[in-house]
Each structure stands twice: as structure tokens, then as C-alpha cells.
There are 2 protein chains.
Amino acid sequence: MFFEGSEKKIELITASTHGSLRALDSDFWTQIVSLAKADIISVIHNQHCDAYLLSESSLFVWDNRIVMLTCGLSTLIDSLLAMLEHIGVDHVAFVSYQRKNEYLAHLQASTFADDIARLRQYIPGTACRIGHLDSHHHFIFTSDTPCLLTVQDNTSELLMYHISGPVAEYLTSTEQTVEQICALLGLSKLFEGFDYDAHLFTPLGFSVNGIKDEHYFTIHITPQEQSSYVSVETNVDVNSPDNPIASQLLALLQPISWDTIGFNTPVIASAKPKNICLAHCSYPIEPDYHVHFGHFQQLDSEVLSPEFM
Amino acid sequence: MFFEGSEKKIELITASTHGSLRALDSDFWTQIVSLAKADIISVIHNQHCDAYLLSESSLFVWDNRIVMLTCGLSTLIDSLLAMLEHIGVDHVAFVSYQRKNEYLAHLQASTFADDIARLRQYIPGTACRIGHLDSHHHFIFTSDTPCLLTVQDNTSELLMYHISGPVAEYLTSTEQTVEQICALLGLSKLFEGFDYDAHLFTPLGFSVNGIKDEHYFTIHITPQEQSSYVSVETNVDVNSPDNPIASQLLALLQPISWDTIGFNTPVIASAKPKNICLAHCSYPIEPDYHVHFGHFQQLDSEVLSPEFM
């Protein structure tokens, strides 16, 4: 039982010369999503955002911004190139394209290097890898176009590996329900006042998108033993003392290791589970815009079991 | 500048019904080595062992035992299947086949699962993975044949990642010599009385085989930045208080992380560099024969640098 939870991600911001992205019809988004080898399962809307739940993660569309994440063996670069073709590079203010290291990279249709070679035929950009190849690492391409990023453009990602404890056990049980998962995660308190769209996959897996005004969050859970992975991404402050979202999710899901990626927001530290920051990095993609990366692991030495093949 | 230092390894023990493996002629070993996409560079002998230095690591041949390690994009499984064909499975007492996780697994000609599917057409065996897919891990197949392993069959492996310090710097310099590398490593003290065979590769890389009576050691150094890797394998006690080989090499090469694999000998602990055992495992492949695995990392949080692409 293996599923590749690790995601690829696009963020695209259009220039003011482009009309609203939300005016593009559903056939357009269906086509974009299908290019990544995914399907649209459902969609929710508010006055700012359309949030699509996909067979392989999520797509969020604002008037001038797209965030799309896909996991599994999806080919997200094909979606990005089609977006650039349709929108026109002259109307694009900023693009980033990211990949987390996969559990089984050899099964992917392309490497990050392959992807950015194609992307650079459309738009110039800077690409790098953060983290060693033999450990957790993160690839990121950002366009060199003069940028509209502001200090308000904060995004936090929390990527949890090898979850454990009662919630992790429930997530691999046969009788689970969407309602009970949302309750166990405490979503209504973590993300108060958000509209949700949640889906339980067969045989296993859970996705939820949430939107409230211009804020969004998305959580994807791949609970499969030996390759469990939970990703959380949001533009809500996850470090707020009143509502420390990241710390609460870490305490609930008890991952053996986790990464944090902060765009214009610092790396998240958490007291529980007791942990060590194995490696970290902070680097500017613009003078006032930093990407922060941290790789954490529980402090107790893990007793490994042989995985028979 | 990338070279895949991570090795694949065969250990094969013949039954008493088979003649001496050392009677096989040099054409046979040349052919076996070429099947792994490697070449024999040189050979040394003593009364017990022939030690071949290969373009991709090493081959040791005793009367009833073979140890072969190859790195890079070598196809060691092809060598093993040819050995089994030639020797005849009925004359084989024990086989193990191992792979360490590669830095860039997608470049390899086959996966471990592919390899053991072929191997099991010749000989039944138990295979497992130790360690998570997103961290250091080690694949091992051992034949189910009633075994001749004795408590004297001890092997220790020390696998070092991302070496640092003055010796690491020297190993990437342009003016290095075999003599100076041996002196910096202190080989004549670590392995006193051994005959050596050492080779410096172009543009970078160093291998040394050593033999003394029935003892052997082999060290392979891939010093390339971003993917540096040093492997040490020996049947000498590396934990001896009088000559703590493993501790001395760790202090010299200052790797960011390292793995230890002990066959019938415990995991090696070391005080320097200050470290944490992230994960460990001990499991029996026979009632009295255990494999021990440990994954260590320096305690200080590493400050990562973006690797531009």
C-alpha cells in the first residue's frame, strides 16, 4: 500500500493587464487539471476565491492569483505551461513552481530539472534545491520578472512524515468518516469561520479545502503506513499564540519528522513532539521576501522495523 | 559535479562441495566485473585472498567467499546472476545482496525490487528495507539456504555523507596524491601491517583495498561537493578501544550524517562529531546472526545553502 503524497505546486500571479482569472470558464479549469492527470471532484466559492478539490490535491483561483497543488504521479508542469500559453507570459507578474522530494522519485514522469528546462523556454527564473539529496529537500523555481509580492503575501507549509498516535490510527481504519476526521483534527477551531469542502478517498486518503474571505487552507492526508504524509498549506498565521495551528497539528499527528516552509514568514518551531531542527535555511527571492525552510525530527531515536519485500 | 558513491554489494559463500574460487581464471573475473559495467584496475594477493580494485569499487575473492561492491550506475545484479549460473546454486551456501539508498535513484538501471525479482528466480531468500524511504535506508536480500555463517563472520560498514573539514578539503584539491591521502587518513596506523592497493580517480575519487591474512578493508571516497560520500567496509574490529577505527575516521572526515551497518557486530557509537542516533534497528537473519543498522547525524542544526540549478 503505497501512495506518493509529496506535492508539486504552482503559484501564479497575473499582471494588472490581465482580466480576472475567475472569469475563465469551467472547461478551462477542467482542461488545466486534466493536463496534470487529475480530475475536479468538487468546488466551493466565496466572493474572492474558487476552491477546487482535485483527485490529486487542490486548485485555488483568485481574481489575479492561482495556487495549484498536485500529488501522486501528476504532471503539474504540463498544467503550468498550458496556463502560461493561455494567459500569455506578458500578463504574468510572478510564477513559482515547486516540488518536494518524493518518496519514490524514480516513478515520476520527470525530474525537477526536466520540468524547469521546459519552463525556462517560457519565462526566465531562478531555481534551486534546498536540503541534501539524501534527506528531505525542496526544489523551487521563481520567475525573475519584477514582482508584485508584498509583505502581505505570506504562506506557510507544514509537511509531516510518518504520523503516529490515535488520530493516525483512525485515519487508516475502515470505518472512518469525513465528519469524524474534521472533528479529530479540530478544524472548526483551527480554522474558525471557514467554509469547508472535504473528501475521503478510496481506499484511503483525506483532503479538505477551506476558504474565508481571502484566506485559504488545504490539508491532504496520505495515511498509508510506511509512506504516510500530511501536508498543510495556508495563508493564515500558523504561529499565532492564540491559535498555534502548526503546534496543534504536530501534537495531534505526532509525525516522526516534518518540514516547514515559510514564504515571508519564519520557520515554525514547536515544543511537541520533542524535536531537533536537523537543518534550516533562509534565503531571499526578492530583497524583502524570504523563503524559510526547516527540517525537524523527533528527538527520541526511532526503532526501525524491517519492511519485508 | 555529481558522482553516485552509494554502493551495491554481494556476499557469496560457496558450499564445501565447490572448489576454491581463487582457481577461477582472470578472464572469469574480468567478465564478472564487466557485467556490472566496471573494469579491473589492479589486484593484490596474499595467501588467503585476491583483492581487486575496480573502476567502480572492489572485489575480494577468498577460497570460499566473494565480497563485491560497486557504485555509480553499475549493474551488480548482473554479476551476481552470472556467478550463480557459473558456480551452480547447489554449490552456494549463502548469498546476500544489498543496496544503499542512492542520492539519485532515478538514474539507476533498476530498483532493488527489480533486482530481487530476478535473483529469486535462482535462489529463495528474504528481503527487506531498513529505514524510511524519505531518509537513509538500506535494502538487503539474504538467501534462505541453511547457512554457514559463524560468529566469526563479522563485517562492519561505516557510510559517511557530506564530509567536511581539512581532510575533506584536501580530497577535492587538484594537487592531491595517493601517498598524502593515505597519510591524512592515517591508514598505516588504522590498519597496521596491511598490504594496500590505492588509486586516485580522475577528476576526483579515491579507493583503497587492504588485506592482511584473512582480514580485509576497503575505503571508497567520493568527495564531490553536494554528494560527498565515504564508505568503509572491513572484517576488522572497528570498535576496539586500542584502535577505534570508526571513531577516528568520523573525527577526521566530520560527516554531517552517517550510517553504520554491523553484521554480527553492534552498531558503532562515536563521541565526535557530537551526534544523535536518529534511528536504529537490529534484526536476526539467523538465530545467532544479527544485522544492526544505525543512522546518525551531527547534533548542531545544519545551515543549508541553496543549490542553484
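The values are calculated or read from the model by the stated rules, or taken from the named source; none is laboratory data. Because the structure is predicted, anything quoted here is derived from the model rather than measured. We place every Cβ from the backbone using ideal geometry, glycine too, and count neighbours over all the protein chains shown. When the accessible area is computed, the model is the full protein with side chains, heavy atoms only, and any ligands, DNA or RNA have been set aside. Shrake-Rupley method; radii C 1.70, N 1.55, O 1.52, S 1.80 Å.
Just one of A:Ala51, A:Ala36 is touching a Gly at 6+ places or on another chain (Cβ under 8 Å), open to solvent by less than 60 Å² (accessible area, probe 1.4 Å) and at pLDDT 95 or above; which is it?
Every option except A:Ala51 fails the conditions.
If you go through the range A:295-309, how many residues are surrounded by fewer than 23 Cβ atoms within 10 Å (Cβ to Cβ) and either more than 7 Å from chain B (Cβ to nearest Cβ) or in a loop (DSSP other than H, G, I, E, B) (or both)?
8
Among B:Val61, B:Val89, B:Val67, which is the only one that is open to solvent by 30 Å² or more (accessible area, probe 1.4 Å) and in the same structural domain as B:Ile116 (by TED's automatic domain parsing)?
B:Val89
Only strands (runs of 3 or more DSSP E) wholly contained in the range A:116-216 count here; list those with 2 or more residues that are over 30 Å from A:Phe2 (Cβ atoms).
Correct list: A:125-130, A:138-143, A:206-212.
A:Val238 passes all but one of (1) modelled with pLDDT under 90; (2) away from chain B (no Cβ under 14 Å); which number fails?
(1)
Any residue that is among the aromatic types (Phe, Trp, Tyr) and either in a loop (DSSP other than H, G, I, E, B) or open to solvent by 10 Å² or more (accessible area, probe 1.4 Å) (or both) - is there at least one of those in the range A:243-259?
No, the range A:243-259 contains no residue that is among the aromatic types (Phe, Trp, Tyr) and either in a loop (DSSP other than H, G, I, E, B) or open to solvent by 10 Å² or more (accessible area, probe 1.4 Å) (or both).
Can you name every residue in the range A:162-201 that is open to solvent by less than 30 Å² (accessible area, probe 1.4 Å) and among the β-branched types (Val, Ile, Thr)?
Passing the criteria: A:Ile163, A:Val167, A:Ile181.
With respect to the numbered conditions (1) facing chain B (nearest Cβ under 9 Å); (2) assigned to a loop (DSSP other than H, G, I, E, B), which one is the sole condition not fulfilled by A:Val267?
Tallying (1) facing chain B (nearest Cβ under 9 Å); (2) assigned to a loop (DSSP other than H, G, I, E, B), A:Val267 fails exactly one: (1).
Yes or no, residue by residue, for (1) under 30 Å from A:Ser301 (Cα atoms); (2) more than 9 Å from chain A (Cβ to nearest Cβ):
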residue: B:Ser79; (1), (2): no, yes
residue: B:Glu85; (1), (2): no, yes
residue: B:Ala93; (1), (2): no, yes
residue: B:Gln98; (1), (2): yes, yes
residue: B:Leu104; (1), (2): yes, no
residue: B:Gly125; (1), (2): yes, yes
residue: B:Leu158; (1), (2): yes, yes
residue: B:Thr174; (1), (2): no, yes
residue: B:Gln180; (1), (2): no, yes
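Select from the range A:1-33 the residues that are more than 23 Å from A:Gln108 (Cα to Cα) and of a type in the set (D, E, K, R) and write down the one among them that is surrounded by the most Cβ atoms within 10 Å (Cβ to Cβ).
Applying the filter and picking the extreme gives A:Arg22.
Of these, B:Pro273, B:Pro284, which one is over 20 Å from B:Glu7 (Cα atoms), surrounded by fewer than 15 Cβ atoms within 10 Å (Cβ to Cβ) and of a type outside the set (Lys, Arg)?
Exactly one of B:Pro273, B:Pro284 is over 20 Å from B:Glu7 (Cα atoms), surrounded by fewer than 15 Cβ atoms within 10 Å (Cβ to Cβ) and of a type outside the set (Lys, Arg), namely B:Pro284.
Report, by residue number, each residue of the range B:113-123 that is closer than 27 Å to A:Thr111 by Cβ and either facing another protein chain (nearest Cβ under 9 Å) or not basic (Lys, Arg) (or both).
Those that are closer than 27 Å to A:Thr111 by Cβ and either facing another protein chain (nearest Cβ under 9 Å) or not basic (Lys, Arg) (or both): B:Ala113, B:Asp114, B:Asp115, B:Ile116, B:Ala117.
Would you mind telling me which numbered condition in (1) more than 14 Å from chain A (Cβ to nearest Cβ); (2) assigned to a loop (DSSP other than H, G, I, E, B); (3) open to solvent by 10 Å² or more (accessible area, probe 1.4 Å); (4) more than 19 Å from B:Asp213 (Cβ to Cβ) B:Ser110 fails?
So B:Ser110 meets the others, but not (1).
Just name the residue that is surrounded by the most Cβ atoms within 10 Å (Cβ to Cβ) out of those in the range B:217-235 that are within 14 Å of another protein chain (Cβ to nearest Cβ) and not in a strand (DSSP E or B).
Looking at residues that are within 14 Å of another protein chain (Cβ to nearest Cβ) and not in a strand (DSSP E or B), I get B:Ser228.
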